[in-house]
Every structure is written in structure tokens, then in C-alpha cells.
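Take a look at the structure set out below.
Quick note: the coordinates plus some simple rules give every number you see, no bench work behind them. Quick caveat: nothing in here was measured; it's all calculated off a predicted structure. Methodologically, a virtual Cβ is constructed for each residue, glycine included, from the backbone with ideal geometry; neighbour enumeration extends over all protein chains shown.
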Amino acid sequence: MKKRLIPAAIVSIGLVLAACGGDDETADTAGAETTAGSETTAGGTETTAGEGTDTSVASECSLESPLKIGFAADLGELGAFSDQPGSEAAQVMVDQINAAGGVGGLPVEYTVKDVQGDPAATQRAAQELLDDGVNAIIGPPFANTGAPLLDTVAGKAPVVFMATTDPSLADPSRGAFLTSFSDKSQSAAMAEFALGEGYTKAVTLSSTDDVYFSGNPEYFTTVFTEGGGEVLGDYAYSLADADFSTQVNEIKSLADQPEVLFTAMVMPQTQTLLEQLDAAGLGDIVVMGVDGFDATVVWSAGEIADGVFFAAHTFPQDTNNVEQFLADAAEAGAQIETISFGALSADSVQILAAAATQACSTDPAALTEAINNLEDLEVTTGSVTYKDRNGVPDKDVVILTVEGGAPAFVEAMRPTNVPD
């Protein structure tokens, strides 16, 4: 049976251990080496901002020294799916800001250091960035490198984590912020979306191998049940599993059948699950997931993925500047094959530039305070608010579905019931 589709206006599992995974990018970062300690400076690079792209910030601020941004990027290990395109996208946004006059009358300077997916290399790279005099840092996607980065930086520069959805890395008291929504937000959005579609019975699949795979189903369950739905059961799996027939058979044996199956599972496991559900006659269950479905390209599973719903960080719409930015990046020669991580990286640069403009300072403490008080800031993906958000921005969660083997926009929403 084919899964019910509501009309709407192969990477390794390890790639998603911090809420994101995806294409194995192999393109070199513009001007950046892939060894710890390598760097590229963008202050003198000229790129004309594309027509329709407004990177300027109205201000009478005049800085005495330029804003210096460092990117502690994982260019060669698990984080390359986000940081390879992300580091190039940040370069493009820096160039656009500089073409529009810079920040505080001075060109932004930009440096990349490769953390190699290694905690020790991360600490070395962090210290090198500080020694280079950076005022702010864009952080890597996983907690195993994000945590040692914060320990080494120790508040000497604000850190904006571009790709992670792990709320444990957000702490304004340490100068740490997320660019993306958190796992709590995206799971809450999926639960509210399911309830809004009239679904009242669900099951979840979760794994204790990492908090991403267990936390998201837990958050979904909280919001779904508080909204009047019923979760009929949670079924455990391992990241090493290649067969889900046991879980599928247990679901099939339920006296009360679910309408929705929610999981944070990623490809290629998701494809196997979908195929086994269909083979067991459970293809009408609507499968829902979070940003791991997006990052690991669930639509590559083919026709079996049609009708799946999932949370994503962004999607080109008239209400955002994603399409224009990606076109500008392509024209500039940047190799950005992902929508979300190129756009999120542009957001990160814009957040830091706005903070420097608002504070009229590059002092790390002033930048941290300014970020923590940003409200309704227009960035590439839409708008973000950090004020009273404990380091996790209030921003849209985009819900996509798969139609004809491609992602399609359903809606953008901000959930009202996010678990504490």
C-alpha cells in the first residue's frame, strides 16, 4: 500500500549525531586548507552582492577595529556535511557585507580553522583563532567538538553554532548561541503539525545510542500527548540495525493502529523502515521525522518516501532570501550543494554583523550581550529573536514533505508548546 499523502502548497548514520547529517561534501573550502591551523582571510576579497540582496545594516556606528570572525569548521570528518558548504557560504556573506560597506565602516575579516572532528584539534584551533584576534567564532556541528571549543574559548569570544540543534551547547552566560532551532522546537512543531492534521494516535521509534535519536521522540511524545493525542508505544532500535521487522511486527500487532510514526532515524535506515512498513501492509501510516530526514536526503529513497513529512531549517520562499543567496553564492563560485547549511551559515555571519553594529563594538562581552538581545533580526532564512530565549533563537521550523521524489514545502511554523 502507498502511504497517505496530504497535498501541500547514503551517508553514514554517524553524520547526524548532533541533529544534522547529510551529503558528504568533498569540495575544498575557498582558500582554506584542511589541516588544523590553516586559514583564509576574506577581508580583501571582493564579491558584488546579487541584485535583491540587502546585506547592509543602517547605522551611524563607526568601529575603530574591524569585526574579525573565525570559523572553527570540521572540514574533513563527520561535520563536513555542514561545515564544507557552510564555510564557503560564510565567505560569500562576508564578501557581500564588505561590498555593501562592511560593518562600522570597516571590512569584516574572516578566518577558517579546521577542527578535524577531533577534540584536541578543536582546542588547538580555538586557541589559534583567539591568538589571531578574532572577536567571534562560528562553531562546529557536534557536541564532541563544540564542548571543548567552549572550554578553550572560555568567554573570550561569542560562539554561534551554525548547524547543531543540540540545546546543551546554548548558554549565553558562556557566550554560546545556536543559529538553528533546537531539537525541542522541531519535535514540538512536528507534534503540533500532526495534531493539526487531525491525527490522534502515534507510535515512536527511538535509540539510546545518542540523545538526538532518543530526545526528539521524547519531545514529540510530550507535546503530542499534551495536545490530546495518544502515543501507543515507543520501539527501540540501534544505530547498527539493518532490519526493523521486529518493531514493524509489534506495531502491526497493536489492537489500536497508529496513524503516525515519528522518529529521528536517518538514511539509509529510514528507507529500510519505510520498505518494511509497506511490505507489512502498514504503508498508510504517515511517517514523520526531523532535520535528519532533510540532512540525509530522505527523498533519495525513491517512491517509497513519498508522503513522508519532516522538519527542515529552511526552504526557498518569497518570504526569505534563500534562493537569492544561493544564486549569489553559485555566481561567486562557491560550491554549496545543500540548502539549509549554506543559508544557516549566512545567517550566522549576519547575526554577528548585526551584533557588532548594535553594540558598535567588537568587544566580546559587548557582542555577547548584543546577540542575547537581538529581536526580529532579518537574516537569510527569515527572522530570528534571541531576547529571553536562553541562546536558542525563536525562528520558523519549516515542514516539508516528499512529492514525486523531491522535497516540497508544506508550511513554516513556530510551535506554541515547546518542552522546558
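Sorted ascending by nearby beta carbons within 10 Å, beginning with the fewest, TYR235, TYR212 become TYR235, TYR212.
Karplus-derived 3J(HN,Hα) values for region 188-195, using 6.51 cos²θ - 1.76 cosθ + 1.60 with θ = phi - 60°, are 4, 4, 5, 5, 5, 5, 4, 5 Hz; glycine and proline are entered as x. Summing charges over neighbours of THR221, with a neighbour being any other residue whose Cβ is under 11 Å away from its Cβ, gives -4 when K and R count +1 and D and E count -1. One Cα centroid belongs to region 271-324, the other to region 348-416; the line between them spans 24 Å.
Over all other residues within a Cβ to Cβ distance under 10 Å of GLN116, the charged ones net out to -2, with Lys and Arg as +1 and Asp and Glu as -1. In terms of the Cα gyration tensor, with a ≥ b ≥ c the square roots of its eigenvalues, is region 78-144 rounded because a/c is under 1.5, prolate because a/b exceeds b/c, or oblate? It comes out oblate by the Cα gyration axes.
Per residue, the chain reaches -10500 deg cm²/dmol at 222 nm when only DSSP H runs of four or more residues are counted, each adding -39500 (n - 2.57). Each Lys or Arg adds one and each Asp or Glu takes one away; over the other residues whose Cβ falls under 12 Å from the Cβ of ASN372, this sums to -1. Ranked by how many other Cβ atoms sit within 10 Å of their own Cβ, fewest first, the residues ILE399, ILE351 fall in the order ILE399, ILE351. Pairs of Cα atoms in the chain fall into 20 Å distance bins, from 0 up to the last occupied one, in shares of 29, 55, 15, 0 percent.
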